[in-house]
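First comes the structure, then the notes that go with it.
The values are calculated or read from the model by the stated rules, or taken from the named source; none is laboratory data. Everything quoted here is computed from the prediction, not taken from an experiment. As a convention, Cβ positions derive from the backbone with ideal geometry for all residues, glycine included, and neighbour counts pool all protein chains shown.
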Amino acid sequence: MAPPYRPSVNSSGHLQVSPVHSIYYEECGLATGVPVVFLHGGPGGGIEESDRKYFDPSHYRSVLFDQRGCGKSTPHACLEDNTTWDLVSDIELLRAHLKIEKWIVFGGSWGSALALAYSEKHPGRCLGLVLRGIFTLRRVELEWFYQKGADMLFPDFFEPYQEAIPEEERGDMIKAYYKRLKGDNEQEKLKCASAWSRWETATSKLVVDPELIKKSEDPKWALAFARIECHYFVNGGFYADGQLITDAHRIAHLPITIVQGRYDVVCPMATSWALYKALGGTQNPNVEYHVVAESGHSSHELGIEKALVAAVEKFKVLKG
């Protein structure tokens, strides 16, 4: 298997996708290569240099972009006109802007939800999908991580997350956080953004990584991350509960690889398993399901990284 790649950016720019929003994008690799679009997590997480590492620059034309409100996109942390379907529209606008006919769609965590939403609406624009740590924003998934469930495994990190909210409002933590992250009290807003982000970064790897937790100390990153996540979660992703799994049959004809950490606490395996079955499971030769032992949620874990690179290498048979 090839090691992670280190492609440099060939070109970058901003695309005005609405009267409000401009998204930052960058291209790496071979200009005439097979196109692949990378969809980052969060929502609100933004892209990082390490997100380019999966794509062989001698074969792929990789496109990465910051979704509305995060990273280098503007305006920062903006919730106006910021829904799943706005992002799906942005992906199509970017594809047309770059004169790409079809591309491979690569997404992890929230990126997997966005990849499903996009491909289920525009299956004819997809060559295939590589998905990691499946997250579909069903209420049961949100309550497991932000309300009751994951706290049983990480009580020491859940407690500070919980304590940022008055006891009388803890019956719906997402709603309580959203009220504060949308409020006018800047000090409380930043405090809640940090507490929310720290909970998620602390639980993303199988073994807690202090360096990853430090990311939550960056107020600009934490505010976009927490504020936009809460916005999407309060609204259930702006689609019906379970819709992404129910509509999976629309993409069952495409080659799809699912990579799932066995001990993923943020996006437990039950969701990827439900998606796998909705796609036809063992009866569908187009779908591969890889469970990575001794791994959690983060794409930065070695086993997950290797599985993702291997999946993209295998997709080299696809033609753009």
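Couple of notes before you dig in:
- Test: residue in segment 121-130 that is among the β-branched types (Val, Ile, Thr) and surrounded by 17 or more Cβ atoms within 10 Å (Cβ to Cβ): yes
- Scope segment 210-230; condition touching a residue at least 40 places away in the same chain (Cβ under 8 Å) and out of contact with any Phe, Trp or Tyr (no Cβ under 7 Å at 6 or more places or on another chain); matching residues: LEU212, LYS220, TRP221, LEU223, ALA224, PHE225, ARG227, ILE228, GLU229
- Test: residue in segment 55-63 that is within 25 Å of LEU212 (Cβ to Cβ) and without any contact (Cβ under 8 Å) to a residue 60 or more places away in the chain: yes
- Among the residues of segment 222-267, just one is among the basic types (Lys, Arg) and touching a strand residue (DSSP E or B) at 6+ places or on another chain (Cβ under 9 Å), namely ARG262.
- Boolean, GLY69 is on the phi > 0 side of the Ramachandran plot and modelled with pLDDT of 95 or more: yes
- Residue within segment 115-125 that is of a type in the set (Lys, Arg) and in contact with a Gly (Cβ under 8 Å, 6 or more places away or on another chain) present: no
Okay, residues lined up against (1) within 20 Å of the chain's Cα centre (by Cα); (2) in the same structural domain as ALA248 (by TED's automatic domain parsing); (3) farther than 27 Å from GLU48 by Cβ:
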| position | (1), (2), (3) |
| --- | --- |
| TYR118 | yes, yes, no |
| GLU167 | no, no, yes |
| GLN187 | no, no, yes |
| SER204 | yes, no, no |
| LYS214 | yes, no, no |
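- Boolean, ASP86 is over 15 Å from the mean Cα position of the chain (by Cα) and at positive phi: no
- Any hit, segment 297-311, residues being within 21 Å of PHE145 (Cβ to Cβ) and in contact with a helix residue (DSSP H, G or I) (Cβ under 6 Å, 6 or more places away or on another chain): no
- Subset of segment 232-251 [crowded, with 17+ Cβ neighbours inside 10 Å and either closer than 18 Å to ASN286 by Cβ or touching a Gly at 6+ places or on another chain (Cβ under 6 Å) (or both)]: LEU244, ILE245, ASP247, ALA248, ILE251
- Spans of helices (runs of 4 or more DSSP H) in segment 238-320 with at least 2 residues closer than 27 Å to ILE213 by Cα and in contact (Cβ under 8 Å) with a residue 40 or more places away in the chain: 269-278, 302-314
- Among the residues of segment 163-191, those identified as among the acidic types (Asp, Glu) and in a helix (DSSP H, G or I) are GLU163, GLU167, GLU168, GLU169, ASP172, GLU186, GLU188.
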